[in-house]
Amino acid sequence: QVQLVESGGGLVQPGGSLRLSCAASGSIFRLNAMGWYRQAPGKQRELVAAITSGGSTNYADSVKGRFTISGDNAKNTVYLQMNSLKPEDTAVYYCHARRTVVAGMHEDYWGQGTQVTVSS
């Protein structure tokens, strides 16, 4: 069992910044990828950014150049620095972690979600 604890969400004006963090605890053996997804009401959940234990990153086109994901492998923690926020970034943001048990067999875990609201 893996628990994901998020922090850093809130209300911010357009153009502002927020920093989200997510720490994994519990059975954390071989957590090899962590990241952030978001879901706005009535819309599909989408990948925002992800990072592997090897340091590879992946971003949604809509956030490239504005958001930065980073991680601390030793602490099983991932961060999302969000700059130049836009109203369309408003969503519930979910932390995600993946454990590869053996090749081709994965376990996925999700945080409870944290609200990010960008509004003037």
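Summarise the long-distance tail of P(r) for the chain by giving the % of C-alpha pairs beyond 17 Å.
Values: 3747 of 7140 pairs.
Tail fraction, whole percent: 52.
Tell me the carbon and sulfur percent of the accessible area for the chain, rounded to whole percent, probe radius 1.4 Å. Mind showing how you got there, number by number?
Working: 3140 of 6410 Å².
Roughly 49 percent of what the probe reaches on the chain is carbon or sulfur.
List the chymotrypsin sites (Phe, Trp or Tyr not before Pro) within segment 1-40 that DSSP assigns to loop and that have no more than 15 neighbouring Cβ atoms inside 10 Å.
Numbers: sites: F29, W36, Y37; in loops: F29.
Answer by residue number: F29.
Dipole magnitude of the chain about its Cα centre, charges +1 at Lys/Arg Cβ and -1 at Asp/Glu Cβ only, in debye to the nearest 20? Don't skip to the end; give the middle numbers.
Numbers: 11 positive and 8 negative charges, 17 e Å.
That gives a dipole near 80 debye.
Longest exposed-loop-site-free stretch of the chain, with trypsin sites (Lys or Arg not before Pro), DSSP loop and at most 13 other Cβ within 10 Å?
Details: sites that count: R30, K43, K64.
Result for the longest clean stretch: 65-120.
For the chain, what is the accessible area per residue in Å² when the probe is 1.4 Å? Don't jump to the answer; show the numbers that get you there.
Working: 6410 Å² over 120 residues.
It amounts to 53 Å² per residue over the chain.
Can you find, among Q39, A24, F67, the residue sitting farthest towards the positive end of the charge dipole of segment 1-100, where Lys and Arg contribute +1 and Asp and Glu -1 at Cβ?
In segment 1-100, that residue is A24.
Averaging sequence separations of C-alpha pairs under 8 Å and six or more residues apart, then dividing by the length of the chain, give the relative contact order as a whole percent. Numbers along the way, then the final one.
On the way: 292 pairs, mean separation 42.2, N = 120.
Normalised by residue count, the contact order of the chain is 35 percent.
Within the chain, what percent of beta bridges assigned by DSSP are antiparallel, to the nearest 5?
Numbers: 44 of 47 bridges.
Around 95 percent antiparallel, to the nearest 5.
The values are calculated or read from the model by the stated rules, or taken from the named source; none is laboratory data. It should be emphasised that the depicted structure is a prediction, and the values quoted were computed from it without experimental measurement. Neighbour counts run over all protein chains shown; Cβ positions are idealised from the backbone, glycine included. Heads up: the accessible areas ignore ligands, DNA and RNA and are worked out on the full protein's heavy atoms, side chains in. Shrake-Rupley method; radii C 1.70, N 1.55, O 1.52, S 1.80 Å.
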